[in-house]
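Please see the structure below; I have some questions.
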Amino acid sequence: MNPDILRHLNTKQKESVTNYSGPAVILAGAGSGKTRVLVAKVIYLIKEKDISPASIVMMTFTNKAASEMKERINRQLGGMVKLGYVGTYHSFCVRVLRVFWEPAGLDKNFIIYDDDDQKTLIKQIIQEKKLFEKKTPGYFSYYISLAKNQMITPERFLESFKFHQAALVADVYYHYQKKLEKNKGVDFDDLLIKTVYLLQKNDDVLDYYHNKYRYFLVDEFQDTNYVQYLLTKLLAERSKNITVVGDFSQSIYSWRGADITNLKKFETDFKGTKTFYLEENYRSTQNRTRGSSLCS
Ligand SMILES: Nc1ncnc2c1ncn2[C@@H]1O[C@H](COP(=O)(O)OP(=O)(O)OP(=O)(O)O)[C@@H](O)[C@H]1O
Ligand SMILES: [Mg+2]
């Protein structure tokens, strides 16, 4: 059998697509067809393995990447198919929390604070506490996010962070969180944390998602932080049908808590993980071709 979808893939890419169930890691450099392989795998699952599109989840890091993914899938399937979910981790969490706001301990009409709202709130605290000379809002938001990415609460901040101004940051973080709660607000990091807690503490909610979603594909896995990894693990721990692709030489989000050890965790948490390497770089071939034609 050589279905259409496999025709435009090299041997290694084909192997990683037809290995359709169980945990898999695909490692490769830039331009080696990682995203192409993920899209092909989704098509392969639907067309060749009769998997319900509604049970498939694709996680990406930007909305732009998500739209590209959707467009590529629609083009190949004639726009007839709607996957369970394609988008960013954050939008996924918003979806979950809008349904299960109550067990998540949120207000029905919780408000999402973006980066600017977050800075405004921190500015208020700086004013109230007269911290003008100390640090900027960006300084505090950096550490708050760093702590949240590791699920460290304000109360436990000092156990993990030992730098000069740590006590000050812990205090601002504490008041920031109090103000957020009072305003029925959640920031971007909270969206992830609240969803992870929800799934950890409510077996029936977790059960609901385990039944709903059975195939998981994660692009740019090198950029997942600890909380995102926990979420992925929780969602996929029953079906174990999870494919992650990553390029660990280009972790552009490392400043935001992206964690290379997630790869090691994945292999430990998902026993029997198969690893695939995509070795051919199509972009450099294209560049070389372009370069050589310029030279000739
Ligand atoms: N087997 C193939 N045959 C021809 N072209 C390919 C093949 N695999 C990938 N390409 C092309 O190589 C380019 C890069 O592919 P893709 O975006 O899937 O790679 P990527 O590894 O996800 O890149 P990035 O690291 O930027 O995310 C695209 O133009 C794609 O169409
Ligand atoms: Mg890609």
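Residue-wise test of (1) open to solvent by less than 10 Å² (accessible area, probe 1.4 Å); (2) part of a helix (DSSP H, G or I).
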| position | (1), (2) |
| --- | --- |
| E155 | no, yes |
| L158 | no, yes |
| A167 | no, yes |
| Y176 | yes, yes |
| V186 | yes, no |
| L206 | no, yes |
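Return yes or no: is A28 open to solvent by less than 30 Å² (accessible area, probe 1.4 Å) and either touching a residue at least 40 places away in the same chain (Cβ under 8 Å) or away from ligand 1 (no atom under 16 Å from the Cβ) (or both)?
Considered against the rule, which asks whether it is open to solvent by less than 30 Å² (accessible area, probe 1.4 Å) and either touching a residue at least 40 places away in the same chain (Cβ under 8 Å) or away from ligand 1 (no atom under 16 Å from the Cβ) (or both), A28 comes out as yes.
Test V42 against the criterion of being open to solvent by less than 10 Å² (accessible area, probe 1.4 Å), in contact with a strand residue (DSSP E or B) (Cβ under 9 Å, 6 or more places away or on another chain) and within 16 Å of ligand 1 (Cβ to nearest atom), and give yes or no.
Yes, satisfied.
Name every residue in the stretch 145-194 that is touching a residue at least 40 places away in the same chain (Cβ under 8 Å) and aliphatic (A, V, I, L, M), in order of residue number.
Passing the criteria: L146, M151, V172, L180, V186, L191, L192, I193.
So, one more: Give me the pairs: first residue in the stretch 124-135 and in contact (Cβ under 8 Å) with a residue 40 or more places away in the chain, second residue in a loop (DSSP other than H, G, I, E, B) and open to solvent by 100 Å² or more (accessible area, probe 1.4 Å), beta-carbon distance under 7 Å, and six or more apart or on different chains, which are they?
Final answer for the pair search is I126/F132.
The rows are residues; the columns are (1) β-branched (V, I, T); (2) within 25 Å of K108 (Cβ to Cβ); (3) under 25 Å from the mean Cα position of the chain (by Cα).
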site: E133; (1), (2), (3): no, no, no
site: T153; (1), (2), (3): yes, yes, yes
site: A170; (1), (2), (3): no, no, no
site: Y197; (1), (2), (3): no, yes, yes
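Could you check P53 against (1) surrounded by 16 or more Cβ atoms within 10 Å (Cβ to Cβ); (2) within 21 Å of T232 (Cβ to Cβ); (3) within 14 Å of ligand 1 (Cβ to nearest atom) and say which number it fails?
(3)
Counting only residues that are at negative phi and open to solvent by 40 Å² or more (accessible area, probe 1.4 Å), how many does the stretch 124-144 have?
Residues flagged as at negative phi and open to solvent by 40 Å² or more (accessible area, probe 1.4 Å) within the stretch 124-144 amount to 12.
Considering only residues that are aliphatic (A, V, I, L, M) and touching an Asp or Glu at 6+ places or on another chain (Cβ under 9 Å), look in the stretch 152-200 and name the one that is farthest from Q127 (Cα to Cα).
I152
Among what's in the stretch 208-231 and is buried (at least 24 other Cβ atoms within 10 Å of the Cβ) and among the hydroxyl-bearing types (S, T, Y), pick the residue that is modelled with the lowest pLDDT.
T224
I would also like to ask the following. Answer with yes or no whether Q13 is open to solvent by 20 Å² or more (accessible area, probe 1.4 Å), in contact (Cβ under 8 Å) with a residue 24 or more places away in the chain and within 16 Å of ligand 1 (Cβ to nearest atom).
No; evaluated as a whole, the condition is false for this residue.
The values are calculated or read from the model by the stated rules, or taken from the named source; none is laboratory data. All values reported here derive from a predicted model rather than from experimental measurement. Virtual Cβ from ideal backbone geometry, glycine too; neighbours counted across all protein chains shown. Just so you know, the surface numbers come from the protein's heavy atoms only, side chains and all, with ligands and any DNA or RNA stripped out. Shrake-Rupley method; radii C 1.70, N 1.55, O 1.52, S 1.80 Å.
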